[in-house]
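Working notes for the structure below.
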Amino acid sequence: MNQWLRFLQRKNFIYKIIALGIALGLWLYVAKPFPFLIP
Amino acid sequence: MEWTIWTVILSIADISIVAYAIYRILLLLKDTRAMQLLKGVLILLILYVISGWLHLTTVNWILGKSWSVILLGIAIIFQPELRSVLERLGRGRSFFQRGKRSYAQNRIVSAIEETLAVASENKIGVLLVLEGHTGLQPQIDTGVVLDSRISSELLLNLFFKNAPLHDGAVILRGNRIAAAGCIMPLTTKEDIDSMLGTRHRAAIGISEVCDALVFVVSEETGIISVVRNGNIQRGISEKNRKRYFDDFYGAAPKKPREAGGGKKV
């Protein structure tokens, strides 16, 4: 568990994942590329 | 939405730009109190979305109505942090400004180095703040205005035990000693070494809200620490202090190295 956390904290990896997740979520919500998924 | 190679490329570019912007904002907020708040807001946002999906009308209505209040509250409570983040964002230093330290800057560095060395050897408490781009006039106003030339003798005299101005910080502005006996805001961080006293907490506190370079010498141990952007490096060597000076004066291409020179607390 600790090793995982250390891996995620290295080079701000966790922030990169969060940023990508938020951007992807926003894009899915705004652009609505898959209307069957998010109407 | 029609899927062509062009729309795929545009979508990837769209997501990448937004992701990069969010990533930079997260880095700016990292290690500030605002980060904890951001986590709370994210949880509320997730709850809001989920309640919408599950048609939990009342929960969704309450969360929906509270957004404006929450955002206003954030702006008021975290005004200092937000200001510091925006200042850091606007400060962005150009490569073209970098060159060698000037003669006057070298003289200041020598005077500070001498002060730190003597203070460390004799265990004299030092809190020295070098003003950066962010003005420290509010802090200068809390002390005694000196506006005098920088010399190690004068600095040591100011910090000498039982001297009237030895408590509080000395602020250097440009090549002048602006004021002594200044009161600095204490850090609200909870994850710092409990062995660190008020002097160190004040050093971290002021560096959190501005771009000043702060030096501290512990009265108990004589250990020299350097503080910048809320990060303290204890027991830092002269070589690494030089890197901090170079970075502060925009003289060197390298950033101060965190490892090897001191213990990050």
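None of the figures in this text is laboratory data; all of them are computed from the coordinates on show. None of the values given here were measured: they were computed from a predicted structure. Neighbour counts are summed over all protein chains in view; Cβ atoms, including those assigned to glycine, are modelled from backbone coordinates with ideal geometry.
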- For the range B:1-42, alpha-carbon Rg relative to the globular expectation (2.2 N^0.38 Å, N residues): 1.66
- Message: List the residues, sorted by chain then number, that are 5 or more residues from B:L213 or on another chain and whose placed amide H is less than 5 Å from its amide H.
- Response: B:L130, B:G132
- Dipole-positive endmost among B:W6, B:N122, B:P164 within chain B (Cβ charges, Cα centre): B:W6
- Hey, fewest Cβ within 10 Å first, where do B:V227, B:V144 land in order? B:V144, B:V227
- Residue-averaged beta-carbon neighbours from other chains (10 angstrom radius) around B:4-16: 2
- Which percent of the Cα-Cα distances in the range B:170-216 go past 14 Å? 52
- Rule-of-thumb check for chain B: C-alpha Rg over 2.2 N^0.38 Å? 1.25
- Ranked from fewest to most other Cβ atoms within 10 Å of their own Cβ, B:H166, B:H55 fall in the order B:H55, B:H166
- What dipole magnitude, in Debye to the nearest 20, does chain B give about its Cα centre under +1 on Lys/Arg Cβ and -1 on Asp/Glu Cβ? 560
